[in-house]
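First the structure, in the form of structure tokens, and then the observations on it.
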Amino acid sequence: MFVNRDRSKAIPYLQFVDTMKDVPANSHLYLGIAYFYAKKFDKAKDKINKAIAKYKDQLTPEEISWAKMHLKWMESAKKLMQHPLNVTLYNVGSTVNTKRNEILPKIASDGTFLAYTSNKKYNSDFQILINNIYFAYPQPSELSYWSKGKSAGSRINTQEDEFLVNISKNNDKLIIFVDHIGEPGDIVFANKYGKRYKNLEKLGKVINTKYNEWGADLTLNEDTLFFASDRPGGYGGYDLYISRLLPDGTWGIPINLGPAVNTKYNEALPTVSYRNGMQIFFASDRPESMGGYDIFYTKYDSKTKKLVKPINYGYPINDLYDNLSISFTQNPRYAYISKLRKDGYGDMDIYKVVYNKIPQPITIYTGKVLEGSYYQNEPVKNPEDVTISVINLKTNEELPSQFRISKTTRRYTITLKPGHYKITFTYPNHEKYTKEVSVYDEQLPSYIFKQDVILIPVTNKKH
């Protein structure tokens, strides 16, 4: 029941154990928990309550508390699932995702790369999986929009665990959680020099303590750090803190964000977003979660100058499993998350979130239509004789739009939504010009691609 996979698959085995005598009392609780992950909430509630009533003398207080928390999560899940967000989730594909965990995706603010954490590296000496940081770049193919993930390199990754938790807003820093023998549970920066991130920067003992600091992010001007810590003096578990950069370049004494945000449960992995004003997203396992950690968000109330009560971001971005972070793109139609889903490649995978109410991006292909050779050409003489057809390669159907060439400028303009297309220009006594193009969701809301088209007479040959 504690593996990061489909826990409902344990049901038939636990049902068999449930019929046996002289088995650990907590196995009966586990059956109720398994029903929870199968979304059989009535069965889960009944089994958990009966197990607690019958075996309360054999169960530890921690086990009873853990089971009762699932009952609270169950009620939250029911409410949130009745009002799902209007989003669609798409697995980003096998170039990034593997049978291992791919988690904590963060996209650069300019969309030039996607960074994430994966435990696909295996240390045969210690027989353990190692969490390292990887990069993927836009490289559209039939498999994915993203290239195959590449290691962030030996200046960042080691034979111990490194988790990417955020990228600074101007992309000059990676914000990393390291779990090293000498630095257990610390936050460090990897600064960008040229095209590479390297030279890990420690944040000092004010931020990193002998306790754990689980996640951090910088504001836009990088003078304020939000981070999570389980240091003493909080409200319980991990709490969120804020620290200001001092004139001497060190970080000031952290201030707890207070009971408006923090609870006796865990609040971790803060991310500062400016999509709808300044908002703080974080993960929490409080009772308002659907199960385990869910993504919550809060923002400052301009009137009260205080943080408002955090809100669960909603289903299906959150579900019954751990949901740790969300990364927004420049295009408000998209975001990236990591999830455990049945359509995945193994453990947790990275998914693209599409906000369906926001229109798809449009790509405009435009340019002059010329006739002649590649070396000597002129604007097409009879633009009315040029026909343009656009075939949707997925449906093999021609788009109904009548694409024409301007008689005055001799320019063509083709507007396309996301998809894969074949564009063909036909002109009497000239060779056909054919080009396949792909328009991807990840592109900006409006993108103009300029390319002239040269139509070659059939008497000429290409060189």
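Below are the figures for this structure:
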| item | result |
| --- | --- |
| Criterion violated by ASN392 - all others in (1) at pLDDT 95 or above; (2) closer than 24 Å to TYR440 by Cα satisfied | (1) |
| Search result, residues across the stretch 139-155 that are at pLDDT 85 or above and closer than 17 Å to THR95 by Cβ | TRP146, SER147, LYS148, GLY149, LYS150, SER151, ALA152 |
| Yes/no for ASP319 being within 18 Å of GLU75 (Cβ to Cβ) and of a type in the set (Asp, Glu) | yes |
| Residues of the stretch 80-118 classified as part of a strand (DSSP E or B) and free of Cβ contacts under 8 Å to residues at least 60 places away in the same chain, total | 3 |
| Answer from SER27, SER65 - the residue that is hydroxyl-bearing (Ser, Thr, Tyr), surrounded by 13 or more Cβ atoms within 10 Å (Cβ to Cβ), outside the structural domain of ILE103 (by TED's automatic domain parsing) and over 30 Å from GLU102 (Cβ atoms) | SER27 |
| Flag if THR158 is over 30 Å from ASN221 (Cβ atoms) and assigned to a loop (DSSP other than H, G, I, E, B) | yes |
| In the stretch 302-316, the residues that are within 24 Å of TRP73 (Cα to Cα), of a type outside the set (A, V, I, L, M, F, W, C) and part of a strand (DSSP E or B) | ASN312 |
| Wholly enclosed strands (runs of 3 or more DSSP E) of the stretch 180-233 bearing at least 3 residues over 15 Å from PRO254 (Cα atoms) and either modelled with pLDDT of 95 or more or among the basic types (Lys, Arg) (or both) | 184-193, 196-202 |
| Filter result for the condition that a residue is of a type in the set (Lys, Arg), modelled with pLDDT of 95 or more and touching a helix residue (DSSP H, G or I) at 6+ places or on another chain (Cβ under 9 Å), over LYS43, LYS56, LYS79, LYS72 | LYS43 |
| Residues being more than 23 Å from LYS169 (Cα to Cα) and either assigned to a loop (DSSP other than H, G, I, E, B) or among the hydroxyl-bearing types (Ser, Thr, Tyr) (or both) - total across the stretch 278-301 | 10 |
| Inter-residue pairs, beta-carbon under 8 Å, first closer than 18 Å to GLY149 by Cβ and part of a strand (DSSP E or B) and in the stretch 121-133, second at pLDDT below 90 and not hydroxyl-bearing (Ser, Thr, Tyr), 6+ apart | LEU129/ASN123; ILE130/ASN123 |
| Residues of the stretch 30-47 satisfying the condition of being surrounded by fewer than 16 Cβ atoms within 10 Å (Cβ to Cβ) and under 31 Å from the mean Cα position of the chain (by Cα) | LYS39 |
| Selection count, the stretch 10-24, where residues are of a type outside the set (A, V, I, L, M, F, W, C) and surrounded by 12 or more Cβ atoms within 10 Å (Cβ to Cβ) | 4 |
| Filter result (touching a helix residue (DSSP H, G or I) at 6+ places or on another chain (Cβ under 8 Å) and either aromatic (Phe, Trp, Tyr) or outside any helix (DSSP H, G or I) (or both)) within the stretch 1-38 | MET1, ASP6, VAL23, ALA25, TYR30, TYR35, PHE36, TYR37, ALA38 |
| Residues of the stretch 234-264 that turn out to be aliphatic (A, V, I, L, M) and assigned to a strand (DSSP E or B), as a count | 4 |
| Filtered residues of the stretch 392-430 (kept if in contact with a strand residue (DSSP E or B) (Cβ under 6 Å, 6 or more places away or on another chain) and β-branched (Val, Ile, Thr)) | ILE405, THR413, ILE414, THR415, ILE423, THR424, THR426 |
| Residues located in the stretch 115-129, provided they are over 18 Å from SER168 (Cα atoms) and in contact with an Asp or Glu (Cβ under 6 Å, 6 or more places away or on another chain) | SER118 |
| Among the residues listed as TYR241, TYR274, TYR211, the single one being touching a residue at least 60 places away in the same chain (Cβ under 8 Å) and within 30 Å of ARG155 (Cβ to Cβ) | TYR274 |
| Qualifying positions in the stretch 308-360 - in contact with a strand residue (DSSP E or B) (Cβ under 7 Å, 6 or more places away or on another chain), within 30 Å of THR415 (Cα to Cα) and not hydrophobic (A, V, I, L, M, F, W, C) | SER327, THR329, PRO332, ARG333, TYR334, TYR336, TYR351, LYS352, TYR355, ASN356 |
| Among the candidates ILE311, ILE358, ILE405, residue that is more than 30 Å from PRO270 (Cβ to Cβ), of a type in the set (A, V, I, L, M, F, W, C) and over 14 Å from the mean Cα position of the chain (by Cα) | ILE405 |
| Restricting the stretch 1-29 to residues that are modelled with pLDDT under 90 and of a type outside the set (D, E, K, R), the residue that is farthest from the chain's Cα centre (by Cα) | MET1 |
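Each row is one residue, and each column tells you yes or no for (1) within 30 Å of THR329 (Cβ to Cβ); (2) surrounded by 13 or more Cβ atoms within 10 Å (Cβ to Cβ); (3) modelled with pLDDT under 95; (4) not charged (D, E, K, R).
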position	(1), (2), (3), (4)
PRO400	no, no, yes, yes
ARG404	no, yes, yes, no
PRO445	yes, yes, yes, yes
HIS463	no, no, yes, yes
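Yes or no, residue by residue, for (1) of a type in the set (S, T, N, Q); (2) surrounded by fewer than 21 Cβ atoms within 10 Å (Cβ to Cβ); (3) within 19 Å of THR224 (Cβ to Cβ):
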position: ILE280; (1), (2), (3): no, no, yes
position: ASP301; (1), (2), (3): no, yes, yes
position: LEU307; (1), (2), (3): no, yes, yes
position: ILE311; (1), (2), (3): no, yes, no
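The values are calculated or read from the model by the stated rules, or taken from the named source; none is laboratory data. A quick note: this is a predicted structure, and the numbers were derived from the prediction, not measured. A quick note on method: Cβ atoms are made from the backbone with ideal geometry, for glycine too, and the neighbour counts reach across all protein chains shown.
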